[in-house]
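Visitor: Please find one structure pasted underneath; my questions will follow.
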Amino acid sequence: MLRLAGRRAGSKIRRRRSGWNLFLAAALIAVPLGAPAMEALHFFRIGTAATTGTYFQIGGVLASAISKPPGARDCERGGSCGVPGLVAVAQASQGSLQNALALGAGQIESALIQSDVAYWAYAGAAITPKRCRPANGEAATSVGSVLLKAQGPIKSLRAIAGLFPEDVHVVVRADSPIRGLRDLKGRLVALGEPESGTLADARLVLEAAGLSECEVKAQYLRLSEAADALVQGRIDAFFMVAGYPVPAITDVAIAIPTRLLPIPRETAERLVQKFPFFNLDVIPAGSYPGLDTETPTLSTTALWATRAEIDADLVYAITKSLWSEATTRLLEATHPAGRRIRLATALDGLAIPLHPGAARYYREVGMKIPDGL
């Protein structure tokens, strides 16, 4: 009966995701059939993450906000406040690490990237996990941030803006005997998919808690797979680094009673003191169904990044569109993380240099560009 209930819950989660994906597809701005043929049309991809995560949702809103296909009405007439001739699209990916590598290879024009991953990618350095043999038989050193070292410094990375805090979530079933990070020892734990920022940060959190990747039965799953596996009882916990509320975690909490593990202050402070891109944070009570108390945790910053060679005038126009009143209203109406995207904090948590086009906009509106950006 439990297995059957898990399958039904998993099916419900997948149906909800399908409906959301259809909504996003419908929300993307389409080129009007009557658009004049002589108007230039430019495509601009935004690498995000899994379709069940915050990155994909926010990326879809950003794509819609900055798009203004030929023939679209002007902003002043109730139309798009985007960049004339631009059609942007949110592109699903494995997450921050893949996004950084894809930007470096010139495969996409922009991406959402965790600030810590952006820092490592730009510097050509990364945390190397201890060599061990996880439960799935794949060597730990074949996945995740090791790819950044193989790539070398990606000096073409440039920031458009710091967007919102991303919190470390460690999700368990409510009836689980796991009460703290140390209790994950010997358990089946999904640490994030290969090439994701979640995997990189999960390793750091485990290390700060006195554990290594080798001491858990590590799984490297997509967010949707991890969510279904927890509902069906096939894993004991999963990590996710994202702005709350994460749709997939909400779906899990609706399907089964769920808890978030706290990251103790002393553990969090070890990481904050060691890495400048981490901050102490809390996930508020009520962020997920059944979450009645706040959860102490860590956060990093979600950056919108691009490449140095992208035209400065285009990046200036995109930055201006990002901070328009119309985009602010759209972000606030679409996702709670959108309410935390503010011009006043656009330069906070940046771990890579600003693109000159973005820097020009911030100077125009009177913002001081910090040294090193």
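Any read-out appearing in this document is the output of simple, stated calculations on the displayed coordinates, not a laboratory observation. Only a predicted model underlies this, so the values are computations on that prediction, with no experimental measurement involved. No Cβ is skipped: glycine too gets one built from the backbone with ideal geometry, and neighbour counts run over all protein chains shown.
Visitor: ILE283's amide H: which non-local residues (gap 5+, or another chain) put their own amide H closer than 5 Å, with H modeled 1.01 Å from N in plane and none for Pro or chain starts?
Guide: Long-range HN contacts for ILE283: THR295, THR297.
Visitor: Fewest Cβ neighbours within 10 Å first, please rank TYR244, TYR316 accordingly.
Guide: TYR316, TYR244
Visitor: Would you mind ranking CYS81, CYS75 by Cβ crowding within 10 Å, fewest neighbours first?
Guide: With the sparsest Cβ surroundings first, the list reads CYS75, CYS81.
Visitor: Shifting gears a bit: What are the ³J(HN,Hα) couplings of the stretch 194-208, residue after residue, when phi is run through the Karplus curve with 6.51, -1.76, 1.60 and θ = phi - 60°? Round to Hz, x for glycine and proline.
Guide: x, 6, 9, x, 4, 4, 4, 6, 4, 4, 5, 5, 4, 4, 5
Visitor: Please report, largest first and rounded to whole Å, the three semi-axes of the ellipsoid equivalent to the stretch 162-285, where each semi-axis is the square root of five times an eigenvalue of the C-alpha gyration tensor.
Guide: For the stretch 162-285, the ellipsoid semi-axes come out as 21, 17, 14 Å.
Visitor: Which distance in Å, rounded to a whole number, links the C-alpha centroids of the stretch 298-368 and the stretch 177-221?
Guide: 32 Å
Visitor: Going highest first, how would you order 294-302, 278-286 by mean Cβ packing within 10 Å?
Guide: Top to bottom by mean Cβ count within 10 Å: 294-302, 278-286.
Visitor: Output the peptides 307-315, 189-197, 349-357 sorted from most to least packed, where packing is the average of other Cβ atoms within 10 Å over each peptide's residues.
Guide: 189-197, 349-357, 307-315
Visitor: Let me ask something else. Over 20 Å between C-alpha atoms is what I'm after, so list which of LYS155/LYS320; LYS274/LYS368; LYS68/LYS320 land there.
Guide: Pairs exceeding 20 Å: LYS155/LYS320; LYS274/LYS368.
Visitor: In the stretch 287-343, if every C-alpha pair distance is counted and binned at 10 Å from zero, what percent goes to each bin?
Guide: That works out to 17, 36, 30, 12, 4, in percent per bin.
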